[in-house]
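Everything below concerns the one structure shown next.
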Amino acid sequence: MIDVRSVAKRFPNGTEALRDLSFAVKDKEFVSLLGPSGCGKSTALRLVAGLLIPGDGDIAWPHGKPEIGFVFQEPTLMPWADALTNARLPLDLKHMPRAQADARATETLARVGLKGFEQAYPRELSGGMKMRVSIARALAARPQLLLLDEPFAALDEITRNALGDDLRKLWREDGLTVLFVTHSVSESSYLSQRVLVMTQRPGRVAADIALPAGRDSRLSPATVEAQRTISDALNNVMAA
Amino acid sequence: MKRIVDIALPVLVAVLVIGAWQWAVAHWQVPTYVLPAPSAIVAAFLTNFSSLTAALTATFLITIEGFLGAVAAALMLAILFSQSRLIERSLYPYAVILQVTPVVAIAPLILIWIGFEHINLALALLAGLIAFFPVLTSIMLGLKSVDPNLMDLARLYGASRWQRLWKVQLPSALPYLLSGMKTGGVIALIGEVTAEFAAGSGTATGLAWRITESSNRLEIATTFAALVLLATLGVAIFAALSLLEWWLLRRWHESAVRA
């Protein structure tokens with residue numbers, strides 16, 4: 001679905017965020033981008049989203065550019081609008097008729113466990129609930145590709161785990177392709193099918209690890225084994 | 001209980017001050033043309049009720065006209081600035097120059113250009129000129145303070161420039177606009193009164209003119225009555241704009257939720 005080819009990115013302040021970044025993501029795959037802080041993970045995600053333009057190299061879409069949903073590290077909600085209006089934003093921007101957009105946003109909010117909270121304003125919701133609205137908004141436009149930029153980093157462990165389980169379920173049910181930026185080894189080992197470990201800045205892919213099946217819980221032997229493999233790759237990156 | 005204390009304490013202070021004032025004027029037999037007693041001010045107000053309320057209405061209408069014009073102009077200019085950095089760089093210095101030039105200094109020019117036959121329009125323009133800048137800077141700050149990720153998100157979903165402005169930037173700037181309007185509303189009144197003083201007597205019909213006219217005639221009690229009305233108008237404008245702010249922000253903005 002995505003083919004990132006030798007992408008480089010340098011910011012106007014001189015920071016070289018990425019150099020020779022290459023990776024591909026297949027249709028319906030769940031891939032995590034993992035790496036140390038400041039290695040250019042978020043920049044890579046923004047480049048894929050089209051929010052940034054590569055300085056060098058290119059991002060190809062062999063089957064055409066899909067509908068994209070994006071979830072930021074912060075919920076990034078409109079504080080002046082209720083949960084329904086927030087979830088409806090992509091649909092409003094695409095001029096979908098109000099009744100249809102309301103129905104779709106209501107259904108999406110219910111899918112992320114927020115039935116009955118349609119009229120609640122962001123300030124009336126907990127951190128986890130706000131992130132659920134953010135995910136609902138990303139799903140409302142029925143994307144084929146979901147990009148997530150450390151969405152659970154600011155949440156407590158219980159909420160983080162619950163949201164991780166929900167994300168896994170949504171990915172399976174909707175047949176989504178997911179590119180998930182994280183710095184959590186345990187999160188990536190449980191959620192994704194493949195983990196791309198990035199080098200320190202300027203970032204590129206240091207290891208491409210396909211994870212085995214059988215990771216049905218966070219503590220299953222396969223998940224723990226995957227964690228060990230990812231940690232080793234990450235340690236090699238840090239030592240380099 | 002706290003609310004009762006909040007109201008009762010200022011009222012108590014007012015009663016004490018007015019009582020002391022009334023007593024002092026009577027005790028030292030202060031002449032009315034120096035300091036009239038509160039009872040004399042009330043009497044002057046009742047005697048001149050119709051002319052004072054007519055002056056109050058004139059001042060109020062001109063102030064509101066100028067203020068609303070300033071808000072509309074500031075909003076349009078701020079939107080223009082937010083769409084083009086080049087336009088902002090070209091025009092913003094002139095907005096600053098306009099603000100730092102005292103309204104009394106510009107008043108004679110405006111009065112001559114617009115003409116004394118359109119005195120109310122000239123006064124409204126001067127009131128608007130002084131209110132314009134605080135509203136402009138507030139909206140500009142609001143439009144610039146929008147969450148960049150939210151703007152990115154709108155761009156990602158294919159929002160047009162106007163959709164971004166309408167759906168994201170303007171709602172985000174609303175608290176700033178309302179705060180600027182509170183300052184601008186009160187300043188517009190000051191601008192209107194200053195302009196009326198600059199216009200001189202014989203043309204304007206507002207409260208400032210009544211103040212000039214009554215003090216020239218040494219009817220100081222009437223001057224005080226006009227001053228009290230002016231202060232009350234200022235407080236009323238501020239209270240009305242605060243109420244509007246609270247009403248529009250009550251569901252989502254911390255400033256209104258805590259109020």
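The values are calculated or read from the model by the stated rules, or taken from the named source; none is laboratory data. Here the structure is a predicted model, which is why all the values come from computation and not from measurement. For neighbour counting, all protein chains shown are included, and Cβ atoms are generated from backbone atoms with ideal geometry for every residue, glycine included. We work out accessible area using only protein heavy atoms, side chains counted, and drop any ligands, DNA or RNA first. Shrake-Rupley method; radii C 1.70, N 1.55, O 1.52, S 1.80 Å.
Distance from the alpha carbon centroid of segment B:215-252 to that of segment B:63-79 works out to 20 angstrom. Stretching B:Val228 away from B:Val5 to a fully extended chain increases their span by 77.9 nm, per 0.36 nm per residue minus the current alpha-carbon distance.
Since only A:Pro66, A:Gln193, B:Val11 are under comparison, the one whose Cα sits farthest along the positive direction of the charge dipole of the protein assembly as shown, derived from C-beta charges on Lys, Arg, Asp and Glu, is A:Gln193. Its convex hull of Cα atoms gives segment A:1-116 a direction-averaged projected area, equal to a quarter of the hull surface, of 9.6 nm².
Shape of chain B from its Cα gyration tensor (a ≥ b ≥ c, root eigenvalues): rounded if a/c is under 1.5, otherwise prolate when a/b > b/c, or oblate? The shape class here is oblate. Accessible surface buried by the B/A pair amounts to about 2100 Å², both sides summed, 1.4 Å probe. Largest GNM mean-square fluctuation across A:Ser126, A:Ser188, A:Ser134, computed for chain A with C-alpha springs under 10 Å, falls on A:Ser126. In this structure, the amide hydrogen of A:Asp56, modeled 1.01 Å from its nitrogen in the peptide plane, lies closer than 5 angstrom to those of A:Ala8, counting only residues at least 5 positions away or on a different chain. Applying a DSSP loop filter and a limit of 13 other Cβ atoms within 10 Å to the trypsin sites (Lys or Arg not before Pro) in segment A:9-43 leaves A:Lys26. Here r is the Cβ-Cβ distance between A:Arg194 and A:Arg10 and R0 is 35 Å; the resulting FRET efficiency, rounded to 0.05, is 0.80.
Placing +1 on each Lys and Arg Cβ and -1 on each Asp and Glu Cβ, with no other charges, gives chain B a dipole about its Cα centre of roughly 900 debye.
Distance between the pseudo-spin-label points of A:Ala99 and B:Ala54 (7 Å out from Cα toward the beta carbon): 5.8 nm.
Over segment A:64-213, what is the relative contact order in whole percent, taking alpha-carbon pairs under 8 Å and six or more residues apart?
26 percent
Restriction of the trypsin sites (Lys or Arg not before Pro) in segment B:174-220 to DSSP coil positions whose beta-carbon has at most 12 other beta-carbons within 10 angstrom yields B:Arg217.
Run the dipole for segment A:1-148 about the Cα centre, Lys and Arg Cβ at +1, Asp and Glu Cβ at -1, nothing else charged, and hand back the magnitude in debye, nearest 20.
Using only the charged Cβ atoms, the result is roughly 140 debye.
Once divided by 2.2 N^0.38 Å, the Cα radius of gyration of chain A becomes 1.01.
Looking at segment A:61-102, the pairs of alpha carbons with a distance over 16 Å make up 51% of the total.
With the gyration tensor restricted to C-alpha atoms of the protein assembly as shown, the semi-axes of the equivalent ellipsoid amount to 64, 26, 19 Å, longest first.
Relative to the longest principal axis of the Cα atoms of chain A, helix A:127-140 runs at roughly 90 degrees. Projecting the Cα positions of A:Leu234, A:Pro97, A:Phe117 onto the charge dipole of chain A (unit charges on Cβ atoms of Lys, Arg, Asp and Glu, taken about the Cα centre) puts A:Pro97 furthest along the positive direction.
Between their Cα atoms, which of A:Lys41/A:Lys169; A:Lys9/A:Lys130; A:Lys94/A:Lys169 are more than 29 Å away from each other? Those over the limit are A:Lys9/A:Lys130. The angle separating the long axis of helix B:103-114 from the principal Cα axis of greatest extent in chain B is about 80 degrees.
Here the sum of -39500 (n - 2.57) over DSSP H runs of 4 or more residues, divided by the residues of chain A, equals -12000 deg cm²/dmol at 222 nm, to the nearest 500. For the Cα atoms of chain B, what angle does the longest principal axis make with the long axis of helix B:38-47, in degrees from 0 to 90, nearest 10? Helix B:38-47 and the main axis of chain B meet at about 80 degrees.
Result for chain B in a Gaussian network model with C-alpha springs under 10 Å: among B:Leu61, B:Leu156, B:Leu207, the largest mean-square fluctuation is at B:Leu156. GNM on chain B, alpha-carbon springs under 10 angstrom: the most fluctuating residue among B:Thr59, B:Thr205, B:Thr232 is B:Thr232. Assuming R0 = 30 Å, can you tell me the calculated FRET efficiency for the pair B:Leu35 and B:Ile97, based on Cβ-Cβ distance, to the nearest 0.05? Calculated value: 0.10. For segment A:49-87, a reduction of at least 40 Å² in accessible area between the chain on its own and the assembled protein chains (probe 1.4 Å) is found at A:Leu51, A:Phe72, A:Thr76, A:Trp80. For segment B:102-259, the residue among B:Pro102, B:Leu150, B:Ala122 whose Cα projects farthest onto the positive side of the dipole built from Cβ charges is B:Leu150.
In chain A, what percentage of the DSSP-assigned beta bridges are antiparallel, given to the nearest 5?
Values: 15 of 34 bridges.
Taking every DSSP beta bridge within chain A, about 45 percent pair in antiparallel fashion.
When only DSSP loop residues count, what chymotrypsin sites (Phe, Trp or Tyr not before Pro) in segment B:17-108 have their Cβ near at most 14 other Cβ atoms within 10 Å? Passing both the DSSP loop test and the Cβ count: B:Trp28, B:Tyr33. Calculated accessible area for the protein assembly as shown comes out at 48 Å² per residue, all protein chains present (probe 1.4 Å; ligands, DNA, RNA ignored). In order along segment A:97-114, the phi-based Karplus estimate (6.51 cos²θ - 1.76 cosθ + 1.60, θ = phi - 60°) of 3J(HN,Hα) comes to x, 3, 4, 5, 5, 4, 4, 5, 5, 4, 5, 5, 4, 5, 5, 9, x, 10 Hz; Gly and Pro are listed as x.
Distance between the C-alpha centres of segment A:113-130 and segment A:171-240: 30 Å, rounded to the whole angstrom. Evaluated with a Cβ-only charge set (Lys, Arg +1; Asp, Glu -1), the protein assembly as shown carries a dipole of roughly 720 debye about its Cα centre, given to the nearest 20.
Surface composition of segment B:1-128: carbon and sulfur make up 76 percent of the accessible area, probe 1.4 Å.
Surface composition of segment A:1-110: carbon plus sulfur atoms contribute 50% of the solvent-accessible area (1.4 Å probe, protein chains only, all chains present).
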